[in-house]
Amino acid sequence: MTESEILMDKTNDLKPKSMKYPVYQPSLTGNEKKYVNECLDSTWISSKGKFLGEFEDKFAKFIGVDYATSVCNGTVAVHLALLALGICEGDEVIVPTFTYIASANPVLVVNAKPVFVDSLEDTWQMNPKDIEAKITDKTKAIIVVHLYGHPCDMDEIMKIAKKHDLYVIEDCAEAIGTKYKGQTVGSFGDIGCFSFFGNKTITCGEGGMVVTNDATLADRLRRYKNQGNAKYREYWNDILGFNYRMTNIQAAIGLAQLEQVETFISKKRQIAQWYMEELKDLPLEFNKEGKDMFHTYWMVSCLVKKANLRDTLREYLKINGIETRPTFYPIHTMPVYVHEFSKHKVAENIALRGMNLPSYPALEHDDVKEICSVIRKFFEEK
Ligand SMILES: *Cc1c(COP(=O)(O)O)cnc(C)c1O
């Protein structure tokens, strides 16, 4: 190192170096630009236009369902699902505590009560036994979240839902293309919800999709997202609806992304394999693919032995230009929900020891090797 390089290095030590490896960045190297330009050239930039219908049809086909309706983000997708199923005040909805906040908040928005369940130790997904234990005569639905790209135990969950006559909403925001026993998630329950936020497996910037096999539900979803428009008269609004529409520009990007979804998924599976191979002798536990499951590794996630070690490791990686994310804080510990006073041992344990590693499709083997060598150095120095 030259003297000026050493000097620069010292200065840089005072603040984190710019992130060489962000935890996520979208790949926009397909037809995104071409399709967006078509929107601009044709002036179809708002929530009508050919890309919307095409994106919806192709998405429905990809998931293996009859109907898909686009929305402006994944959070409102969950809100619409609850509205379409008539969930309201006095109802209870079962939700995993170990998930992103947007899985639970819409339950409060419709004035229903979220009832949290714990996770399984091996897959980190919701525990079917705990679901059954939490069912009361007020329970109306289960929000099943396929977390980090791993599917939930759908055989067990669908059996419980059938037995107790409950609706199933699948939150597939992190699980586009994930499969359980060969069937794509989002096609098991009454309604499936997807997100196309910038860090999701495919993105529109912001965006979402709601899917179903039920024509009546599909119709309700479309009406609720579109100001409660009646079908029988123009500009007549007979239910309280919203403007939750996606734009043609978003759909143009979404369609271009959907054309590449299989490539993204196989790359993400490859990246996960690289991490697990490089780090296999270190005291790290990965969220591995279960039997008969097809994990899409939205974010490659691992656990360290102790929570305080997680935070020092994340800090060490940050100083070395590697961005990570902590796994989700259990929702029942958040200020809005803390009055529930519930205890969820597994979720609390996993959530504080876990982190997500850089997981975007443009990562190459050498990048993953470099990231892993920094992780290795941390454990050697410790
Ligand atoms: C991203 C995400 C959402 C919400 O999607 P947005 O498009 O950000 O509103 C919902 N649930 C889960 C599990 C998510 O990861």
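The values are calculated or read from the model by the stated rules, or taken from the named source; none is laboratory data. Computed from a prediction, not measured in an experiment: that's the story for all the values here. Cβ placement follows ideal geometry from the backbone for every residue including glycine, while neighbour counts extend to all protein chains displayed. Heads up: the accessible areas ignore ligands, DNA and RNA and are worked out on the full protein's heavy atoms, side chains in. Shrake-Rupley method; radii C 1.70, N 1.55, O 1.52, S 1.80 Å.
Summary of computed values
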| quantity | calculated |
| --- | --- |
| Inter-part distance where region 119-193 and region 220-295 are each reduced to a Cα centre, Å | 16 |
| Linear extension gain, K20 paired with T263, 0.36 nm per residue minus alpha-carbon span | 85.1 nm |
| Expected 222 nm ellipticity per residue - DSSP helices of 4 or more, -39500 (n - 2.57), all of the chain, to 500 | -12000 deg cm²/dmol |
| Residue among S47, S301, S359 with the largest mean-square fluctuation in a Gaussian network model of the chain, springs linking Cα atoms under 10 Å | S47 |
| Cα gyration tensor shape for region 14-121, rounded if a/c is under 1.5, else prolate or oblate | oblate |
| Residues of type aspartates and glutamates that K179 reaches as a straight line, Cα spacing below 12 Å, ignoring anything fewer than 8 places off in the same chain | D153, E289, D292 |
| Carbon plus sulfur fraction of accessible area for region 261-381, probe 1.4 Å, in percent | 54 |
| Listed pairs K61/K162; K181/K267; K113/K200; K33/K318; K58/K318; K129/K181 exceeding 30 Å between Cα atoms | K33/K318; K58/K318 |
| Compactness of the chain as Cα Rg over 2.2 N^0.38 Å, two decimals | 1.03 |
| Modelled FRET efficiency - R0 35 Å, D292 with Q227, Cβ distances, 0.05 increments | 0.25 |
| Fluctuation leader among V304, V109, V93 - the chain, Gaussian network, Cα springs under 10 angstrom | V109 |
| Karplus-derived 3J(HN,Hα), 6.51/-1.76/1.60, for each residue of region 173-184, Hz, glycine and proline x | 3, 9, 9, 5, x, 5, 10, 10, 6, x, 9, 6 |
| Dipole magnitude of region 101-165, debye to nearest 20 (Cβ charges: Lys/Arg +1, Asp/Glu -1, about Cα centre) | 380 |
| Magnitude of the charge dipole, the chain, Cβ model with Lys/Arg +1 and Asp/Glu -1, debye to 20 | 300 |
| Gyration tensor verdict on region 194-347 (Cα atoms; rounded if a/c is under 1.5, prolate if a/b is larger than b/c, oblate otherwise) | prolate |
| Lys, Arg +1 and Asp, Glu -1 on Cβ, resulting dipole of region 261-381 about Cα centre, debye, nearest 20 | 380 |
| Label point distance in nm, D122-N213, each placed 7 Å from Cα along Cα→Cβ | 2.7 |
| Computed over region 32-258: relative contact order in percent, which uses C-alpha pairs under 8 Å that are six or more apart | 28 |
| Residue among Y360, Y235, Y297 with the largest mean-square fluctuation in a Gaussian network model of the chain, springs linking Cα atoms under 10 Å | Y235 |
| Extent along principal axes [Cα atoms of region 261-381; Å; largest to smallest] | 47, 38, 24 |
| Estimated FRET transfer efficiency (V336, D41; beta-carbon r; R0 45 Å; 0.05) | 0.50 |
| The chain: angle of helix 74-84 to the longest principal axis, Cα-based, in degrees nearest 10 | 30 |
| Whole-number percent relative contact order across the chain, with pairs defined as alpha carbons under 8 Å at least 6 apart | 23 |
| Farthest toward positive dipole pole in the chain [+1 Lys/Arg, -1 Asp/Glu at C-beta], among T123, P361, V107 | V107 |
| Rounded to 5, percent antiparallel among DSSP beta bridges of region 32-258 | 45 |
| Computed over region 197-292: relative contact order in percent, which uses C-alpha pairs under 8 Å that are six or more apart | 24 |
| For R310, net neighbour charge (Lys/Arg +1, Asp/Glu -1) across residues whose Cβ lies under 15 Å away | +2 |
| Cα-based Rg / Dmax (Å) for region 32-258 | 17.2, 56 |
